[in-house]
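Below is one structure; the comments refer to it alone.
Values quoted throughout were computed directly from the atomic coordinates according to the rules given, and no laboratory measurement underlies them. These figures come from a predicted structure and were not determined experimentally. Counting neighbours? That spans all protein chains shown, and the Cβs are built from the backbone with ideal geometry, glycine included.
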Amino acid sequence: MRCSIAVFAVLLCLVPTLSRAERTWLTVLMDGRKVGHLTIDRDIAGDRVTTLQTLDFRLTRARTPLAIHTEIRSVENTQGSPLAFYAQTKMSSRENRVEGTRLDDGSFQVANDVGGQSHVNLLIWPTGAALAEGQRLAMLAGGWKAGTRYQMRSFDAIRQQVADVDIVVVGDEVVDMPNGQATLHHLRQTLAGARSDHVLDIWLDDNGRIRRGISPLLGFRLEMLECDEHCAMAPDQDVDLLRAAMIESPRLLTPNLRSAPMRYIASIRGDFPQPFAETDEQHVTDMGDGMWQLDVGFARGRVEAPPSPEDTASNAWVQSDDPEIIAAAKAAVGDASSDLQRIRRLRSFVTAYIPEKGMDVGYASALETLHTHRGDCTEHAVLLAALARSQGIPTRVITGVVYADRFGGANRVFVPHAWVQVWLGHNWVSFDSAQRRYDATHLALGIGNGDPWKFFAAMNVLGKIRIEKALPGSNLMDMPGPSPSIIIAGGAAGGK
């Protein structure tokens, strides 16, 4: 599983900058345990305001340390108009960078470097979108009167996308801080259209300076608190996100059960209107009161729409147009004459190509994985997706959980996972190179294109799921037979 760098990136984009030229130190906690630190620097030179936000944090996955570094720099004039932006993330062995510079016509030239592949394109700046200083000015203009509501447009430099943020002024509060009590302005920020329980609460001083921030993250309470350098740089403590995200299975699921259709009854805590994905292999029924029924692996006919152009397109993380990806795919498929034969050979190729799971890899692109031979389920998924797309096979990346008899010291659990679905003419069919085969214990939470932010968004429900029942399809009356995915996985092809 990936620690949610995307959540931290979004928080950085929503955190207001300092109101004067100085550095602020913040300690970063998860359920009270220190996992990192954040610095916010603001510099004014003439009519330019430069803000640098630097986040370093350390988590563990199955006792394997994972250090992640993120920088976001914005350059604006003193009225908050954007002039340039820069973002850098390191989630694997390589740094991913994006740099945007405003041109004379008001557009931005944007250079992206992900996994060793670089692209330059033009960006028309979204109307009303603000970087760090513009956001600070917008919140100062909104004032501190309790009950005030307004909306702000925040530009996410990492993804080059705009987030519409609904803001409510909660009111003034006396807050216990590491260096004593302070009277601060409490604001609640929610991404427009997001569920009601996923919010960022921030506490600001009179100059719009961040002093405290709280947000949920994978079942944890993520908190940022201003303190001095000594406090912020104190040793970090271990927090195992993977162990916390595991879901206990109500029963042992033997291989014969996994290879046939299954029905699951799950309960969800919190406001999640659609916690599971509806696919050609998984039917989701809302039973009310937070209860959900999942029928996995039953034949359904075509339920989903056929592929869109995005399903065969190259992107920053699934570089299917790269010559190295194209050459590797051609060598792997050989003389295969159908998409089914090609995807089976590509699945086998990726399974052998990444011999060991690398739990210390944060999130690597397909091209980087091709170079390093390292990664876990997400590296398997993005590489397999890139290879398949280079062959013209519509492919998408599925985020979910899968059953394991034993994982990370726990028994009979569902663990975070990623695999692919390909379009085989009539249906979307799953293939899993990390597990070697798809089975009915793959529960889909979200559908994406390999972009890590979509992966992380789907993972936000983890920590809120409880599987109450797991029922074999053979115990159910009047249910259809197995889906094409289950038939293919159980066939003579060896679960390709």
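Considering only DSSP states other than H, G, I, E and B, which trypsin sites (Lys or Arg not before Pro) in the stretch 111-190 qualify as loop sites with at most 14 other Cβ atoms within 10 Å?
LYS145
Points 7 angstrom from Cα along the Cβ direction at ILE124 and HIS69: gap in nanometres?
3.7
How high is the FRET efficiency from TYR150 to SER267, r the C-beta distance, R0 41 Å, rounded to 0.05?
Given R0 = 41 Å and the Cβ-Cβ separation, E is 0.70.
What does the charge count near GLN319 come to, summing +1 for each Lys or Arg and -1 for each Asp or Glu among other residues with Cβ under 10 Å from its Cβ?
The answer is -3.
Go ahead and collect, in residue order, the members of the stretch 255-275 whose backbone nitrogen is under 17 Å from a label point 7 Å along the Cα-Cβ direction of ALA410.
Hits in the stretch 255-275 for ALA410 at 17 Å: 266-269.
Between ASP205 and MET233, what is the label-to-label distance in nm when each label sits 7 Å out along the Cα-to-Cβ direction?
According to this spin-label approximation, the distance is 2.1 nm.
Please compute the length gained on full extension between ARG436 and VAL170, using 0.36 nm multiplied by the number of residues separating them and subtracting their Cα-Cα distance.
Fully extending the segment from ARG436 to VAL170 adds 90.7 nm.
Going by C-beta contacts inside 10 Å, put GLU468, GLU95 in order with the fewest on the left.
GLU468, GLU95
Going by how many other Cβ atoms sit within 10 Å of their own, how do TRP453, TRP428 line up, fewest first?
TRP453, TRP428
Please give the Cα centre distance for the stretch 248-292 versus the stretch 365-432, rounded to the nearest Å.
Rounded to whole Å, the Cα centres lie 19 Å apart.
Find how much the distance from LEU191 to ASP31 grows on full extension, using 0.36 nm per residue of separation minus their present alpha carbon separation; answer in nm with one decimal.
55.3 nm
Say the dipole of the chain comes from +1 at the beta carbon of Lys and Arg and -1 at that of Asp and Glu; which of PHE414, SER320, VAL382 then lies farthest toward its positive end?
Highest projection toward the positive end goes to PHE414.
Between the helical axis of 5-14 and the dominant principal axis of the chain, each derived from Cα atoms, what acute angle in degrees is found, rounded to the nearest 10?
30
As a test of the formula, what do you get for the chain when each DSSP H run with n ≥ 4 contributes -39,500 (n - 2.57) and the sum is divided by the residue count, at 222 nm and rounded to the nearest 500 deg cm²/dmol?
Counting only the DSSP helices, I get -5500 deg cm²/dmol.
What's the tally of Lys pairs in the chain whose alpha-carbon atoms lie under 23 angstrom apart, where the two lysines are 8 or more places apart or on different chains?
Qualifying lysine pairs in the chain: 8.
Output needed for the stretch 130-260: three equivalent-ellipsoid semi-axes, defined as square roots of 5 times the C-alpha gyration tensor eigenvalues, in descending order, whole Å.
Values for the stretch 130-260, descending: 35, 22, 15 Å.
Using the Karplus curve 6.51 cos²θ - 1.76 cosθ + 1.60 with θ = phi - 60°, work out ³J(HN,Hα) for each residue of the stretch 375-391 in order, rounded to whole Hz, and write x for Gly and Pro.
Coupling constants for the stretch 375-391: x, 10, 4, 6, 5, 4, 5, 5, 5, 4, 5, 5, 4, 5, 5, 5, 8 Hz.
On a 0 to 90° scale, report how tilted helix 323-333 is relative to the longest principal axis of the chain, with both axes built from alpha carbons and the result rounded to the nearest 10.
The answer is roughly 20 degrees.
For the chain, compute Rh as the Kirkwood radius over C-alpha pairs and then the Stokes-Einstein diffusion coefficient at 20 °C and 1.002 mPa s; write the answer in µm²/s, rounded to an integer.
90
Ranked highest first by the average count of other Cβ atoms within 10 Å around their residues, in what order do 72-84, 231-243 fall?
72-84, 231-243
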